[in-house]
1. List the lysines whose alpha-carbon lies under 28 Å from that of B:Lys246, not counting same-chain residues fewer than 8 positions away?
2. Excluding same-chain residues fewer than 8 positions from B:Lys407, which lysines have a Cα within less than 19 Å of its Cα?
3. Residues of A:105-111, mean number of Cβ from any other protein chain within 10 Å of their own Cβ, rounded to a whole number?
4. At 20 angstrom or more along the helix axis (alpha-carbon based) and mean Kyte-Doolittle of 1.0 or higher, what helices does chain B contain? Whole DSSP H runs only.
5. Amide H neighbours of A:Val85 under 5 Å, at least 5 residues apart or on other chains, H built in the peptide plane: list them.
6. Gaussian network model of chain A, Cα springs within a sub-10 Å range: biggest mean-square fluctuation belongs to which of A:Gly256, A:Gly163, A:Gly40?
7. Quick one: which residues, 5 or more positions from A:Arg210 or on another chain, have an amide H under 5 Å from its amide H? H modelled 1.01 Å from N in the peptide plane, none for Pro or chain starts.
8. Would you grab the residues whose amide H sits under 5 Å from the one on A:Leu38? Only those 5+ places off in sequence or on another chain, please, with H modelled 1.01 Å from N.
Amino acid sequence: MHPPESSLAVRDLVKTYGSIRAVDSVSFVIAPGEIFGLLGPNGAGKTSLVECALGLRLPDSGSVRVAGIDARADPDEIKRRVGAVLQSIALQDAITPREALELFGAFYPRPIPAIRLLERFMLVDKADARFETLSGGQRQRLALALAFVNDPSLLFLDEPTSGLDPQVRRELHDAIRQCRAEGRSVLLTTHYIEEAEALCDRIAILHRGRIAAAGTPGELIARSASHTRLIVRAAQPPDPASLARLPGVIAAAQTGGAVSLETRESGPVIIELAGYLARTGNELLDLQVRKPSLEDVFIELTGAAGEPS
Amino acid sequence: MNGILHHLLLTLRLNFRARQALVYGYLVPIFFLLAFGSVFHSSVPPLLHEMGQLVTITILGGACFGMPTGMVSERERGVWRRYRLLPASTAGLIVSAMVARYIIILLAVLMQFGLAWCLYRTPFPAHPLGELVAFSAVCFAFLGMGLIIAMLAGAVPAVQALGQAIFLPMIMIGGVGVPLRTLPPWVQHLAGFLPGRYAVEALDACYLPGGPGLEDSKFALAALLVIGIAACIAGSRMFRWDSGQKLPRGAIPWIVFALAAWAAVGLVAERTGRLAVPIDAQPRPPVAAIARQSPTAIASAKRWQDVTPAETAAITFDDLPRDDGTIAPVSRSLDDLPAASKTRVAGIRHLLDNWPPARQGDVVQRVRNLLCAAGVFDVLEDPDEGAVGYVILDTIRRQVPGEDLEKVLTYIIETPAGGTVLTSVPGLGIQGQITEEAARERSVMYATKLLKRVLGK
């Protein structure tokens, strides 16, 4: 039995396309009110995983449970409970946001009235405009509104901010955070690392169909093999070889006019560095401390750089 | 259920907002109506015998182009992928799309009936309820085929290609565009394996004045239902929500299954002798209409010799079509004919001299045969129809002395349903067949034109 408090429980999910294992024995659980991020480079299997979880694709094996209900056994009940924003979805050119919300709502027993959704997603002014006249941000807000039409307890958001400008992205981030405040669970897939770090309570990094690492952003960073970097600028360029011999310094390298020091603990090294500079009559001009980031973790695990948010 | 109904109504609303859908759904049917009205003028009023074909073309267009274009376009945009997340059955959404298209086509057909009446005084269906039943059966069969096209087509251009693959054979050899009666016998049999033939048959039976109605169309209706059921099953089993989704592995067997229904229907029709188009099967009702126009009862037992000068004088020529028009044309002379036509018409004149129907002992039947021959050239729209009319009228004048000719022509005009008529004249070098009703109608027209000449009016 799965714990009743899990909004979504995916267990040993496998999906193959020919010889390619797009989703390879993936398991995770999302708690109520939790925003769970699936982070991975393009082709990592994020969309396949979401589509299997939504019942749009038939997995080869494994199980998906939404609020304890087996998705394969009762797909219609699952559809009544979840909302989704999928990639590459558009509506008919001539449909209006109001009509779309009323149409989709008509399939559910207790839909949220269209006007409330139009207000919530700032679409009242465009309620009766044709879909083809909406901007990219308005279309994405409408997609999100459609995902809310059945008042879902679990939302699947498959790269919802992809291709949007920063302003619109920030608006959608607020809307996603509001989901958490309302007690809804969210499965968010993204390849924007900063977006995942800013929004998600927990993140799973997906690489070649498998979960390479999972945890809170802090846990993932803490588990990173990357080191803290100290970027040092002095009046007289210091000798990297001398700095490398300081206690606690793992490596030192010249980077432009500065020297970069790698260390596990920055505090003691800073004290040693200050002493060294005083001993050599040098003056410290600038010191930057750079902790390992989620991007470092992402690159370590996938070998790919995430896209800047 | 509420969702499906909402989807149906919204599909209709969106259809009427889309300019392209309006052009294809309503302007094209008007174009076909006008084209048929100008090309097929063999009936009085025009289009009487072409409405079944016209309605079938409208249904074919809506079902095999309109619906699949809409569905594939929405699938390409991801609309159906989004619908898939709804707690709705596939069958429900398919039925909704089909019913919406049924209503769209129904409105187009009603518009055609209304326009045909306004423009040509073509009557409305003689059996309205029967016509609605026949229309529904035709829609069901063709919408099923449209569903298969929508599933096979990966993109909108492919809909056009697949639609044409169904549309063109039915137009050309299926009795939908070219009337079945004018096609060679082997094509008439081949048409039995295409749904279009049964569509026209069922629609005509309920449309034509005095037509038999649904009673005589049971086989055609059953054929359409069998074809429709097979197509709907195949189409729904091949259903694709997503443009990226491949056709299911079983697609080809399902296509074979749908086509097998066509073959089964054709074989049953062939085995039960339903595929021949005997003269008896041609529409008869307008014969009665012609009789009503005549001042004398058809059943007159009078001989032609008893026709009085007063009866001849009572015949009016006001409503005759113009000699240089398209109905019952008669050339003013043969002088201006192109050389090739001159040679051909001379050959026909020569054939007429030894043509057995023109050597009948009964002078009335002989004249009627010759008049029918002119009618066949006219209705089949032979390029030399006017010149042949000229030669035939001349032949009749040469064969029958003046006073007798007046009486014979008056007799033929007064008894349009009398004797027998020729509906084809292959002996004069023209292939194809016209209806008995058209033959009688044209023979009366040509008789009247000749009488006018004989009387010097």
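Bear in mind these aren't lab numbers, they're just calculated from the coordinates by the rules spelled out. Every value quoted in this text rests on a predicted model; they were computed, and no experiment measured them. Reconstructed Cβ throughout: ideal geometry from the backbone, glycine too, with neighbour counts over all protein chains shown.
1. Partners found: A:Lys15, A:Lys46, A:Lys79.
2. B:Lys302, B:Lys449, B:Lys452, B:Lys457
3. Counting Cβ atoms of other protein chains within 10 Å of each residue's Cβ and averaging gives 5.
4. On the way: long enough: B:2-17 (22 Å, 0.41); B:90-120 (44 Å, 1.86); B:128-152 (35 Å, 2.05); B:156-173 (26 Å, 1.72); B:218-237 (28 Å, 1.76); B:251-271 (30 Å, 1.56); B:339-354 (24 Å, -0.21); B:363-379 (24 Å, 1.04); B:385-399 (21 Å, 0.05); B:436-454 (26 Å, -0.59).
Helices meeting the span and hydropathy rule in chain B are B:90-120, B:128-152, B:156-173, B:218-237, B:251-271, B:363-379.
5. Close amide H contacts, sequence-distant or interchain: A:Phe156, A:Leu157, A:Asp158.
6. A:Gly256
7. So A:Arg210 has HN proximity to A:Asp24.
8. Under 5 Å from the amide H of A:Leu38: A:Leu188, A:Thr189, A:Thr190, A:Ala204.
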